[in-house]
Amino acid sequence: MATPRSAIVITLAAALGFATPLPSSAGFIVREVGGDSTTASIQATVDLFRADLGDPNNGNTPGPLPSGRREINWDGGGSTATALAGTPFAGFQGIRGALFTTPGTGFAQVPVGDVDDLFSNPTYGVKFSTFSPVRLFTPIGSNIVDVTFFIPGAPTPATVQGFGAVFTDVDLATGAQLQFFGLSDQLLFSDFVTPGTIPNGSLSFLGAVGDAGERIARVRITAGNVAPGPNEVGGPAAIDIVLMDDFLYSEPQAVPEPAAVGLLAIALTALVFHTRRNT
């Protein structure tokens, strides 16, 4: 169901050290559901969110476009092979306007049946399901993904009005989370993903669209509370390993200077953090 949520706005330090309060926003329209392992259990909610974002699905059409949405299903035109990438992962930056970074070592688009081999963990063979077969998306060496936006087909920084994602095997009420940040990297929205209804292989969806002109410059996805791997630390009740499937977001729109410079700084900050972590 759609639920208005109060946006969370923080105060940032402006130039010369003066603190400037950012204007409050009215909130976000939220679509969220936890289902079983079948696509049908969350399909209606995903379709409502698609309507919130607007038609058409612009696919790989170069922008800027005035309306519509972009979707990434990680399936590579039907590929059944695992595809690995480093960070930042720019495979969709040029064609769909999304750049991905992680404090981990990189990313994988992996068939659901190969997740156990990827992470050398046989328990993963029955833990996950797909919304759109056959591949899932996951960071490697971390449970964090940061998404920044560009005009598809151009190196122009951009913002979106809404973003949503499908998650698989969310078990804990605080196991997975979406956070949206604005042009000054201020927190606009934060919500946890609804757990699924079965112990293994469940599907969940969380998406939100700004209803008062909010513009999202960065999305942080926390996929579970532990990074996937061969040796998880903690008892079963304390661990929530979560992978992702389809991403959906509104058509990226360019922002005027000097805000565009700020967006580049956000992306560079994420890259510097990764570099320092791995040196």
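The values are calculated or read from the model by the stated rules, or taken from the named source; none is laboratory data. Because the structure is a prediction, the values reported are computed rather than measured. Cβ atoms come from the backbone with ideal geometry, glycine included; neighbour counts cover every protein chain shown.
If you go through segment 174-199 and keep only what is within 14 Å of M244 (Cα to Cα) and either of a type in the set (D, E, K, R) or assigned to a loop (DSSP other than H, G, I, E, B) (or both), you end up with G175, A176, V193, T194, P195, G196.
Here is a yes/no grid of residues against (1) modelled with pLDDT under 95; (2) farther than 29 Å from A173 by Cβ; (3) in a helix (DSSP H, G or I):
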position	(1), (2), (3)
V219	no, no, no
V233	yes, no, no
D246	no, no, no
Y249	no, no, no
E257	yes, yes, no
A265	yes, yes, yes
T269	yes, yes, yes
T275	yes, yes, yes
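Screening F92 on (1) out of contact with any helix residue (DSSP H, G or I) (no Cβ under 9 Å at 6 or more places or on another chain); (2) of a type in the set (F, W, Y); (3) within 15 Å of A227 (Cβ to Cβ) shows it passes everything except condition (3). Checked against the criteria, V170 does not count as surrounded by 23 or more Cβ atoms within 10 Å (Cβ to Cβ), farther than 16 Å from D114 by Cβ and within 11 Å of the chain's Cα centre (by Cα). Looking across segment 116-132 at every residue that is among the charged types (D, E, K, R) and in a helix (DSSP H, G or I), the one that is nearest to L243 (Cα to Cα) is identified as D116.
For segment 61-77, a residue qualifies if it is more than 24 Å from T105 (Cα to Cα), surrounded by fewer than 14 Cβ atoms within 10 Å (Cβ to Cβ) and in contact (Cβ under 8 Å) with a residue 24 or more places away in the chain, and the qualifying residues are P62, P66, S67. The residues of segment 40-60 that are farther than 18 Å from T159 by Cβ and touching a helix residue (DSSP H, G or I) at 6+ places or on another chain (Cβ under 9 Å), listed by number, are N57, G59, N60. Just one of the numbered conditions (1) over 14 Å from the mean Cα position of the chain (by Cα); (2) within 23 Å of V46 (Cβ to Cβ); (3) surrounded by fewer than 19 Cβ atoms within 10 Å (Cβ to Cβ) is not true of G94: (2).
Hey, could you check segment 187-199 for residues that are buried (at least 18 other Cβ atoms within 10 Å of the Cβ) and of a type outside the set (A, V, I, L, M, F, W, C) and say which is nearest to V147 (Cα to Cα)? Here the residue is D191. Against the condition in contact with a helix residue (DSSP H, G or I) (Cβ under 6 Å, 6 or more places away or on another chain), under 21 Å from D185 (Cα atoms) and surrounded by fewer than 23 Cβ atoms within 10 Å (Cβ to Cβ), how does P103 come out, does it pass? Yes: the conditions hold for P103.
Taken over segment 115-144, residues that are farther than 21 Å from I72 by Cβ and touching a Phe, Trp or Tyr at 6+ places or on another chain (Cβ under 7 Å) amount to 1. Restricting segment 1-56 to residues that are touching a Gly at 6+ places or on another chain (Cβ under 6 Å) and of a type in the set (S, T, N, Q), the residue that is modelled with the lowest pLDDT is S6. Taken together, the residues in segment 164-185 that are of a type outside the set (V, I, T) and under 24 Å from T197 (Cβ atoms) amount to 11.
Does any residue of segment 180-203 turn out to be touching a residue at least 24 places away in the same chain (Cβ under 8 Å), closer than 22 Å to R70 by Cβ and of a type in the set (S, T, N, Q)? Within segment 180-203, none of the residues are touching a residue at least 24 places away in the same chain (Cβ under 8 Å), closer than 22 Å to R70 by Cβ and of a type in the set (S, T, N, Q).
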